[in-house]
1. Can you work out the accessible area per residue across the stretch B:141-195, with the rest of the protein chains kept in place, probe 1.4 Å, in square angstrom?
2. Report the relative contact order of the stretch B:191-331, percent, no decimals, based on alpha-carbon pairs under 8 angstrom and at least 6 residues apart.
3. Report, please, the projected area of chain B averaged over directions, based on the convex hull of its C-alpha atoms, in nm².
4. At q = 0.15, 0.25 Å⁻¹, what is the log10 ratio I(q)/I(0) for the stretch B:130-183, with the Debye formula run over Cα points and no solvent?
5. Nearest 100 Å², what total accessible surface is buried between chain B and chain A (probe 1.4 Å)?
6. Can you give the FRET efficiency to the nearest 0.05 for B:Ala344 and B:Arg421, using r as the Cβ-Cβ distance and R₀ = 30 Å?
7. Quick one: what do you get for the stretch B:168-213 if you divide its Cα Rg by 2.2 N^0.38 Å?
8. How large, in Å, is the stretch B:242-366 by the Kirkwood hydrodynamic radius built from its alpha-carbon pairs?
Number of protein chains: 2
Amino acid sequence: MFSLLAATPAPKASTASNVPSQAAKMAGPTAAQLQAAERLVGPALTEGHAWARLTELTDGIGPRLSGSEGAEAAVQWALRSFKADGVKAWLEPVKVPHWVRGEERAELLTSERFRGRPLQVMALGGSAATPPEGITAEVVEVSSLEELAALGDRVKGRIVFFSHDMKVAEDYGRFAALRGRGPSVAAKAGAAGALVRSLATASLSTPHTGSTRFEDGVTPIPAASVTVEDAGLLHRLLAEGGPVRVRLVLGCKELPEVDSFNVVAEVRGRERPGEIVLIGAHLDSWDVGTGAHDDGAGVVMVMEAARLLARQKPAPRRTVRVVLFMNEENGLRGARAYAQAHAAELPRHVAAMEMDSGGGRPLGVQLRAGEGAPELVRPWLSPLVALSAGTILPGEAGGADLSPLVPARVPMFGVRTDASRYFDVHHTHADTLDKVEPEALAKSTAAVAWMTYVMAEMPGLLVRPSAPPTAPSLTAPPSLGRPPVPGAPPAGAGNVKSSDR
Amino acid sequence: MFSLLAATPAPKASTASNVPSQAAKMAGPTAAQLQAAERLVGPALTEGHAWARLTELTDGIGPRLSGSEGAEAAVQWALRSFKADGVKAWLEPVKVPHWVRGEERAELLTSERFRGRPLQVMALGGSAATPPEGITAEVVEVSSLEELAALGDRVKGRIVFFSHDMKVAEDYGRFAALRGRGPSVAAKAGAAGALVRSLATASLSTPHTGSTRFEDGVTPIPAASVTVEDAGLLHRLLAEGGPVRVRLVLGCKELPEVDSFNVVAEVRGRERPGEIVLIGAHLDSWDVGTGAHDDGAGVVMVMEAARLLARQKPAPRRTVRVVLFMNEENGLRGARAYAQAHAAELPRHVAAMEMDSGGGRPLGVQLRAGEGAPELVRPWLSPLVALSAGTILPGEAGGADLSPLVPARVPMFGVRTDASRYFDVHHTHADTLDKVEPEALAKSTAAVAWMTYVMAEMPGLLVRPSAPPTAPSLTAPPSLGRPPVPGAPPAGAGNVKSSDR
């Protein structure tokens, strides 16, 4: 392990007072801090603890959709595991939706031009059920919400088929609205149902579920994903002209909401315990597969970071708080509950990270902060060089569960992982332990542990980013008992109050 | 297209009498014969006819398991298509099994060590049904039939889980017996059911069906494949020790046998019409997916070869017979019916090929014949060079539907295709049109057309191979009205009679 760090000569020790000098703030790690890197990176790469935890979570507990027994088991497992690791942990209540999958099948009906056959479908989370005998309707294909709008009345009584051309992971953002919002728009236009081509970068007849959200006031309709293969078939048959009719049977249900929890853990800072570095992941998964990449990998990375940080003597300067969010997949209730419960603390959240792009190898570091952040962070990246992750990458750090922290201008950081194959398995039965490479997971865990330490330890702080354009009008932030960071934008945080939680 | 052939200077014209000289027999194609290459390879590569036919067969007709309406539709389609192509065609009766899939699901039951969850399974063709409530039993894992035998009584009442480590296409042969014979052996030992890890080179939660055969006198048990992912889970849970219990529900049924057909077509030889070059593929598929690779690709290759050969003037020297076999997948009834119906003709089958390894690009040519075959064939391979298929590859040509021709010592030839990804989709819902590359299909079709022409046209004949060790005692073959091929083994064919059908 030491060879990983040997190439990095220790810089002169920087001062570590409560009010560091400008020079100290910009300096890289001291020799002592680099020894912490050895004690974080080394065990993360060699002990296999994150992998063992991922095995427990996926093979042992399995699927854990919000509201399910699996989710509750995961909560108890996480709490127990933090305690076993010597990390203080507690539960924070979250009310979550409880959607359950039922029977699901679909059938292409025989026409003069082709013989009927089953289609491989999977209900989208939030879908309505069909009557027991299903719905039967002609299929109309669209490849964008604009195209759907242009169809007007021709959508009435039809099954809207959302087609697209997703090929690589980077396409997800372009097409995700077809799944997330498409069915609601179709319902509003009078459609009987919706089929969405799976958002996938590969398929061996593998339907991908995911959340679909019906706008307030819109009555949900049955909405399912269809495999890439069957989407291709529908597309070709429709392109030839002539009607294509499908029968869709979905038995899913929206049950009463359930009491659940975020699992929160903390390693208290030695010097500025009131400053919080949040590292998160989401504990819930879809009900298919075992959420090994999404987001078991993120969960065990941040848990392992906490375990290793809790063993450091001295403890890092600031407090590291781990949040395992509940209900990222179909509601973000955990994220909202956290932001609400900790509203008063948000101005003291000095950095936040969510790991939620799978267990691939680390590629580098991302930031979302005000001016000067790369200059502040770059000197601390040397321990990541041998992990091939020692650079700051373009693009902004963030995460769905961190979105409620954006109005509070919480600076964000992240370890970007290789997600090029993530959407092969995302939201499918195939998101299982065998898809995660132990070596990649260990490397990303090491990078997460070190970057968390960096944020908790470095003398300087990331400048808070500008408020987003859509943020509500902001009140002046409370003083955090430290001088303003140079180059910070005009002070301002979300609509939050100062208090020590 | 001509550029494909331009690099090949036409050799001196060889004689083409009924009794070619030894030198003529060993010569390559004449200029006129090379012009036939242009007329075969060119259209195969440019007209897209095989692809269009594959679209009709897969998108239009879809799955076509023996005994199903889809199979019957495929028979009528093939007959119609041959006629539309100007190729004489007819049906030959075959009685086929009629196994149908029903409900199928399995569940890992919760234990102290892990939470239960659904398992992704697919009944094997030939499986028995479970009672409606399913069977519930402890799982015992074996990785070979020897291991199963060694378990003795410990199999009684259990679900035998056949595990293996298939990684690449070449592994299929090593492990196929676990699926084909394993459940029968388990049944004989008193097992309640069988689960077989899918025979796959990739998986995105993709179960692979396939045939399992219960020995005479053994009562069939429920037998299903399980995805690679869930097989891995079972393997890991069993490796940790402690019981693993599974509930398996299968609603499959063996219905009464059905009258079906081989589809046979012929392009009559100009000079030796009694000598038959058989080119085959199988028209049936599994009931999942649309059999695009298995064996839609083979079907359209040989159909296209026939269409192009039927347009040749002059016609090839010998008769080319296309056989689209029914019931390769779960019975070989078509293959047996053909061999039986044409027993008298088999000694006049001078070469036979079955294309049944998917629609990948051509890699080269394979043979199964007596001495001197490569020397005879090699001079004819120049038109395949630009297709990267102009070499004779090691390994023997053959095919499941050709196995009943082996005792008759029919020489075999084949175009080997790239099957490295064939077992990603083999016998799955994912064996669909989108998995076939039009360019690869066109190239292999071109190679098939040319090699068929070669076998039908070259002055010499492949020497008949030795009888297999297990062949019944052989009677002397009828004279075929031509001098024995030099270097031929002692004359002898299967237990067949001579007659012109």
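1. I get 44 Å² per residue for this part.
2. That works out to 27 percent.
3. In nm², the orientation-averaged hull projection of chain B is 22.9.
4. -0.49, -0.99
5. The buried area between B and A, both sides summed, comes to about 2400 Å².
6. So, using R0 = 30 Å, E works out to roughly 0.15.
7. With N residues counted in the stretch B:168-213, Rg over 2.2 N^0.38 Å equals 1.22.
8. Averaging 1/r across every pair of different Cα atoms and inverting gives 16.6 Å.
The values are calculated or read from the model by the stated rules, or taken from the named source; none is laboratory data. Model, not experiment: these values are computed from the prediction. Positions of Cβ are generated from backbone atoms using ideal geometry, with glycine treated the same way; all protein chains shown enter the neighbour counts. These area figures cover heavy atoms from the full protein model, side chains too; ligands, DNA and RNA do not enter into them. Shrake-Rupley method; radii C 1.70, N 1.55, O 1.52, S 1.80 Å.
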